[in-house]
1. Starting from residues that are of a type outside the set (A, V, I, L, M) and surrounded by 12 or more Cβ atoms within 10 Å (Cβ to Cβ), keep the ones in segment 26-40 and report whichever is farthest from THR195 (Cα to Cα).
2. I'd like to know if segment 12-22 contains one or more residues that are part of a loop (DSSP other than H, G, I, E, B), touching a residue at least 12 places away in the same chain (Cβ under 8 Å) and more than 26 Å from the chain's Cα centre (by Cα).
3. Tell me which of these HIS161 doesn't satisfy, since it passes every other one: (1) without any contact (Cβ under 8 Å) to a residue 60 or more places away in the chain; (2) closer than 16 Å to THR59 by Cα; (3) under 20 Å from the mean Cα position of the chain (by Cα).
4. Restricting the search to segment 204-234, which residues are in contact with an Asp or Glu (Cβ under 9 Å, 6 or more places away or on another chain) and closer than 15 Å to LEU21 by Cβ?
5. Please find, within segment 233-254, the residue that is surrounded by the fewest Cβ atoms within 10 Å (Cβ to Cβ) out of those that are in contact with a helix residue (DSSP H, G or I) (Cβ under 7 Å, 6 or more places away or on another chain) and over 14 Å from THR195 (Cβ atoms).
6. Can you say whether LYS177 is free of Cβ contacts under 8 Å to residues at least 60 places away in the same chain and touching a Pro at 6+ places or on another chain (Cβ under 7 Å), as far as the supplied structure shows?
7. Would segment 176-190 turn up any residue that is open to solvent by less than 30 Å² (accessible area, probe 1.4 Å), at pLDDT below 90 and either over 25 Å from ARG22 (Cα atoms) or not in a loop (DSSP other than H, G, I, E, B) (or both)?
8. Enumerate the pairs (first residue in segment 92-107 and under 18 Å from MET75 (Cβ atoms) and of a type in the set (A, V, I, L, M, F, W, C); second residue anywhere and modelled with pLDDT under 80 and open to solvent by less than 70 Å² (accessible area, probe 1.4 Å)) with beta-carbon separation below 9 Å, excluding pairs fewer than 6 apart on the same chain, so at least 6 apart or on different chains.
Amino acid sequence: MAQFISKNNEEFIRKSLDEGLRLDGRGLLDGRIIQIVFGDKLGQVEVCLGKTRIYANITSNLVEPNPSRPNEGFMKFGVDLSVLSNDEQALSQHRMHRYSAEISKVLENIIKATKVVDAESLVVQANKLVWSIYVQLSVVNNDGNLIDALYLAAILALLSHKTPIVTSEGGDRFSVKPDTTKYPLSVAHIPIAMTFAFFNEGETIIFDPTREEEEIMDGRITVAMNIYRDLCYLQKPGGAPLSADVILRLFFSF
């Protein structure tokens, strides 16, 4: 990982964490302030997680369904990391496309695999016409914990997006009624993504790491849980190993 922090600063941060202190004054398991601004159009939202800033925009189009899944619509995610093009952290830890693909995969695993949005609700007429939902996410500023910020922006964009009424005019002809009442997407549940960084072989765990903390962490783990405390997703991309006891401690922290 690229070294943005001097050895002295790294030692200072680690010693502070050992004493339960963080540079921004938060407790070890405290998150940063979240700011949300909805755009003028449906499905547009800007999310700030501390100084990490994300912009999300949704577009929806009518397309033919996949022949192998005629009763399901489509949902895709795109992650624009161009703001990180001069960021040594992103370039050294992952090639740009690999980093973008990793984040897109996390979003798909949480939102699609756990059926946050019912794919069948995106069907206009089986075997003929379905909605294709595309969630475009752009990183405006990176101050750490991109996964949680991107996920939150994606969820809020989906919650605020609506599709117009589509009527059949017989055969393969359909018409869109853009000026009529629009309907929100069918959201079954809302898992919350939480990313933790760990140090000293899991002896010290912090929530919502900043970029500086990510620079020196031993590893990270992302979990997603809903209000029923169902574990919807867990990802630990390498780093130092964590014992089962440490992982269980995370679940009982919230």
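The values are calculated or read from the model by the stated rules, or taken from the named source; none is laboratory data. Values in this document were obtained by computation on a predicted structure and should not be read as measured data. Cβ coordinates were reconstructed from backbone atoms using ideal geometry, including for glycine residues, and neighbour counts include every protein chain displayed. Just so you know, the surface numbers come from the protein's heavy atoms only, side chains and all, with ligands and any DNA or RNA stripped out. Shrake-Rupley method; radii C 1.70, N 1.55, O 1.52, S 1.80 Å.
1. Ranking the candidates gives GLY39 first.
2. Within segment 12-22, not a single residue is part of a loop (DSSP other than H, G, I, E, B), touching a residue at least 12 places away in the same chain (Cβ under 8 Å) and more than 26 Å from the chain's Cα centre (by Cα).
3. Among (1) without any contact (Cβ under 8 Å) to a residue 60 or more places away in the chain; (2) closer than 16 Å to THR59 by Cα; (3) under 20 Å from the mean Cα position of the chain (by Cα), HIS161 violates only (1).
4. THR204, ILE206, PHE207, THR210, GLU212, ILE216
5. SER243
6. Yes: the conditions hold for LYS177.
7. no
8. Short answer, once both residue conditions are applied: ALA101/HIS94.
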